[in-house]
2 protein chains.
Amino acid sequence: MQFKAIVHIMPRPEILDPQGKATQNGLRNLGFGNVENVRVGRRVELEIEAATQEEAEAKVREASRKLLANTVTEVFHFEVLA
Amino acid sequence: MQFKAIVHIMPRPEILDPQGKATQNGLRNLGFGNVENVRVGRRVELEIEAATQEEAEAKVREASRKLLANTVTEVFHFEVLA
């Protein structure tokens, strides 16, 4: 069976996020003065072949840990849709 | 009122996504041979001050169009939570 997975990867809350800070400064320069705590992460979409939903979830978790996310500096969560 | 927004930005389906292709190749080299159509986008989280949910949504839409996303090559959608 083919499953679709969406993996959300964000910098850990305690880690500085220079890209988020730059984005926040850009928004303020455009007049969005009331924007705070901008954090920039990644969203990865993929399709994966697996026998069951559980197997698909296990594979996506492993792929996220091994390659998609850097778990030292990032946290991830994901959804798997049949 | 303070609202939290999550903006999801992905490359348009018809646009090549070299980062997604590189990620897919990396996953295959790790043994995830059954992964396809990997696409890499961004997830931006922010907090915004607005009087109403509608105002917050309008501001987030404008911020996404003007700065967060490049609408020529990317599509975005967002959620605004009170």
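The values are calculated or read from the model by the stated rules, or taken from the named source; none is laboratory data. Note that the structure is a prediction, hence the values are computed from the model and not measured. FYI the Cβ positions are ideal-geometry reconstructions off the backbone, even for glycines, and counts take in every protein chain you see. Surface accessibility is based on the protein's heavy atoms, side chains included, excluding ligands, DNA and RNA. Shrake-Rupley method; radii C 1.70, N 1.55, O 1.52, S 1.80 Å.
What you get for the protein assembly as shown, charging only the Cβ of Lys and Arg (+1) and of Asp and Glu (-1), is a dipole of about 520 debye around the Cα centre.
Ligands, DNA and RNA excluded, the heavy atoms of B:Phe76 present near 50 Å² of accessible surface to a 1.4 Å solvent probe. Shown for A:Lys21: label points 7 Å from Cα along the beta-carbon vector, and their distances to the equivalent points in the other copies, 3.5 nm in ascending order.
Placing +1 on the Cβ of every Lys and Arg and -1 on the Cβ of every Asp and Glu, with nothing else charged, gives chain A a dipole about its Cα centre of roughly 400 debye. Applied to segment A:68-77, the Karplus parametrisation 6.51 cos²θ - 1.76 cosθ + 1.60 on θ = phi - 60° returns per-residue 3J(HN,Hα) values of 5, 10, 9, 6, 6, 10, 10, 10, 9, 9 Hz, with x for Gly and Pro. With both labels modelled 7 Å from their Cα along Cα-to-Cβ, the B:Thr71 to A:Lys21 distance reads 3.1 nm. Closest approach of any chain A Cβ to the axis that rotates A onto B belongs to A:Arg43, 2, distance given in whole Å. Under 27 Å of direct C-alpha separation, and excluding same-chain neighbours fewer than eight residues apart, B:Lys59 reaches these lysines: A:Lys21, B:Lys4.
The HN-Hα couplings worked out from phi for segment B:30-41 by the Karplus form 6.51 cos²θ - 1.76 cosθ + 1.60 (θ = phi - 60°) are 8, x, 8, x, 9, 9, 9, 6, 6, 10, 10, x Hz, whole numbers, x standing for Gly and Pro.
Multiplying each eigenvalue of the alpha-carbon gyration tensor of chain B by 5 and taking the square root yields semi-axes of 32, 14, 8 Å, largest first, rounded to whole angstroms.
Considering only the label points, 7 Å along Cα→Cβ from Cα, what distances in nm to one decimal separate B:Gln2 from the same position in each other copy, shortest first? So the label point of B:Gln2 gives 4.4 nm to the other copies. Under the criterion of Cα pairs below 8 Å and six or more residues apart, the relative contact order for segment A:2-81 equals 51 percent.
Spatially, segment B:13-82 and segment A:1-27 are offset by 9 Å when compared through their Cα centroids. Projected over all directions and averaged, the alpha-carbon convex hull of the protein assembly as shown occupies 10.1 nm².
Peptide B:39-52 has a mean of 6 when you count, residue by residue, the C-beta atoms of other protein chains within 10 Å of its C-beta. Sorted shortest first, the separations between the A:Thr71 label point and its copies elsewhere in the assembly read 4.0 nm; each point sits 7 Å from Cα along the Cα-to-Cβ line. Backbone phi angles across segment B:42-59, fed through the Karplus curve with coefficients 6.51, -1.76 and 1.60 (θ = phi - 60°), yield HN-Hα couplings of 10, 10, 10, 10, 8, 10, 9, 8, 7, 6, 9, 4, 5, 5, 4, 5, 5, 5 Hz in residue order; Gly and Pro are listed as x.
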